[in-house]
Amino acid sequence: MNSSVPITDSIRESLSLTNLTPGSIALYAALAAALPLVYTFTTTSLNAGKPTKDGEPPMPPYWIPFVGHAFSLMGSLNKLHNGYRKADGRLGKPRTLVVFGQKIYFITNPNSILMMWRKGKTVVFEPMLGFVMKNLFGSPDSCIKVLSVGQPGIDQTGLEGQIEWTKIIHKWYLQELNLGTPGLESLTREFIRELNIQLDKNTGNDFEQVDLFAWVKKMMFPASGRALYGHKLRIDDEFFHNFWKWDSGFLGLSKALPDFLIPGVRTARSKVLDEFVRWRLEVQDAAEGIDEDVFWDENTGARLIRNRVKLNRKVFAEDDHIAHASIHMSLFWGLEANAIPAACWLVAYVLFTPGLLERLRSEIASCVEDSVEGSSLPTFNVEKLTKLTLFNAVWQEALRIGVSALSPRMVLEDTEIDGYIYKKGGMIQGLSPLAQLEEEYWGKDVNEFNPDRWLPYPGEDATVAAKRIRELQSKLRPFGGGTTICPGRHFAVQEIQAMVAVLITAFEWDTAGGEIPGVDRDFFGAGGLPAKGDVKVKLRRRV
């Protein structure tokens, strides 16, 4: 009975303030630091899987008060969401994350994402414009102020009566980039012409070995850029290098990482901005004197770009060079950095899928037209090309595997979606890319390239096939959705399909010994995804 007394005395003595030692002080400090972490993790773990007290989606456990899930979001989002998928045993429930007091909601169900897009009055993208332009494109406050005029969810104090730049631009997008518009037809025609001239300069009648993804990027980048911005923008090797260096750190910029974690990225962006500054100063006076009915000009590019130059002169000071430049650079990036990786995947899958090249050549033959002036390579009836059954099946399957686009929104008022409450001030991320790789929707071959899934199966009833394919299409959202769906998506589709049509019609390919590299899904949410490496192929002009 008395044997416990010495032990009790020993504990009391060790805890006595009069007997503090460096070791005991360190112990006290460790306990004081650990207790809040343990308490936070314990309480959040007990409530994990349940809606919050306000009816929000369940919140995963976290350790650090207030900091919340910040460190999880700094890592690979693909790994983070795959962890949630495994925890739920399927695609995953919506989640509520907290980062320094800010609520971030993840929605993965395609129907819930569609409902989010339909809540366009209370769940909107516009309040995020300032963050996007400042962090990703280096825009100054003057640029963000111009973009804020008339936008929902943004304080309009001091902005009354100013030009609503964004509304004017979106009207032009409809006029210049929608299907069937003369502007889109002109833009695609100029792209094919520029591409064919580029290919004529860089290919011959003898087999040449190239790294496929790098080569497609090198051919397409200047052709697309000149179709948009004309020939005054210097799209040389230095510009090419700086652009893709900047793009490689795009996710880091979106997380506002410091320079030492993304070395050289902001410097490369500054050099790209400098070229747009130089370009704007050279072409802006010429832009004022071109007739409105001219859709494309060698010096100023597409009419859409020319009109943006003129509108910017009305809203920005003449010497506010970075504001002018970042506006143009954002559109340039949106088309180049997303379309080109998607084109790379489409080309690779066509070349490396047995028998597919021959099937497509046969289908595309009906769309071939005479060569454009200045090139010996074929051009195409693009309207017919984009309606080809097999070609579109191949295209959609390449998008499913190689594109990862998010739909970020801000919540202006408490909003209910599928039984959960999304609170005012929170951010919603619509995670469509997860549905694109969900076995529940696509079957056991979900990770395999299989364009035939987009076509009627042998013996399948036509009505049943149409319904099945519509269901698949509802799970594929590579261009976002709602009122801020990608405005350049039609041009992106046409330029990519036109490029692939040229490459498989006018060239012979040798892929012996090669293998398509894997998709780098650590770029989850960045749009067109890069490859993990490259693959060597040989090509030559068909004679």
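The values are calculated or read from the model by the stated rules, or taken from the named source; none is laboratory data. Not measured: the values here are computed from a predicted model. When we count neighbours, we look across all protein chains shown, and the Cβ atoms used for this are built from the backbone with ideal geometry, even at glycine.
A few points about this structure:
- Enumerated helices (runs of 4 or more DSSP H) restricted to the stretch 199-262, each holding at least 2 residues that are modelled with pLDDT under 95: 250-254
- Given (1) part of a helix (DSSP H, G or I); (2) hydroxyl-bearing (Ser, Thr, Tyr); (3) at pLDDT below 95, number of the condition Thr157 does not satisfy: (1)
- Every pair of residues 6+ apart whose Cβ atoms lie under 9 Å, when the first sits in the stretch 512-529 and is at positive phi while the second is among the aromatic types (Phe, Trp, Tyr) and part of a helix (DSSP H, G or I): Gly527/Phe250
- Here Asn450 meets the list (1) at pLDDT 95 or above; (2) touching a strand residue (DSSP E or B) at 6+ places or on another chain (Cβ under 7 Å) almost entirely, failing just condition (2).
- Here Cys486 fulfils each of the conditions (1) within 30 Å of Glu413 (Cα to Cα); (2) in a helix (DSSP H, G or I); (3) not β-branched (Val, Ile, Thr) apart from (2).
- Residue within the stretch 35-54 that is in contact (Cβ under 8 Å) with a residue 12 or more places away in the chain, surrounded by 13 or more Cβ atoms within 10 Å (Cβ to Cβ) and acidic (Asp, Glu) present: no
- Filter result for Lys86 (surrounded by 13 or more Cβ atoms within 10 Å (Cβ to Cβ), within 25 Å of the chain's Cα centre (by Cα) and of a type in the set (D, E, K, R)): no
- Residue among Glu358, Glu383, Glu413 that is modelled with pLDDT of 95 or more, among the charged types (D, E, K, R) and not in a loop (DSSP other than H, G, I, E, B): Glu358
- Residues satisfying the stated conditions in the stretch 140-154, i.e. part of a helix (DSSP H, G or I), in contact with a Ser or Thr (Cβ under 9 Å, 6 or more places away or on another chain) and among the aliphatic types (A, V, I, L, M): Val146, Leu147
- Residue satisfying all of: in the stretch 93-144; of a type in the set (Gly, Ala, Ser) and free of Cβ contacts under 8 Å to residues at least 60 places away in the same chain; surrounded by the most Cβ atoms within 10 Å (Cβ to Cβ) among these: Gly130
- So Gly301, is it in contact (Cβ under 8 Å) with a residue 60 or more places away in the chain, in contact with a Lys or Arg (Cβ under 8 Å, 6 or more places away or on another chain), under 28 Å from Lys536 (Cα atoms) and assigned by TED's automatic domain parsing to the domain that holds His170: no
- Considering Thr181, Thr188, Thr203, the condition of being assigned by TED's automatic domain parsing to the domain that holds Glu508 and more than 23 Å from Ala302 (Cβ to Cβ) is satisfied by Thr203 alone.
- Odd one out for Glu413, checked against (1) in contact with a strand residue (DSSP E or B) (Cβ under 7 Å, 6 or more places away or on another chain); (2) within 30 Å of Asp155 (Cβ to Cβ): (1)
- Just one of (1) at pLDDT 95 or above; (2) on the phi > 0 side of the Ramachandran plot fails for Gly180. It is (1).
- Conditions (1) in a helix (DSSP H, G or I); (2) farther than 30 Å from Asp141 by Cα: number failed by Trp333: (2)
- Residue within the stretch 275-284 that is hydrophobic (A, V, I, L, M, F, W, C), outside any helix (DSSP H, G or I), over 29 Å from the mean Cα position of the chain (by Cα) and closer than 23 Å to Trp165 by Cβ present: no
- Test: residue in the stretch 178-195 that is of a type outside the set (Val, Ile, Thr), surrounded by fewer than 14 Cβ atoms within 10 Å (Cβ to Cβ) and part of a helix (DSSP H, G or I): yes
- Cβ pairs under 6 Å, 6+ apart, first in the stretch 433-444 and closer than 21 Å to Asp520 by Cα and assigned by TED's automatic domain parsing to the domain that holds Gly527, second β-branched (Val, Ile, Thr) and in a loop (DSSP other than H, G, I, E, B): Leu434/Thr108; Leu437/Val446; Glu439/Val446
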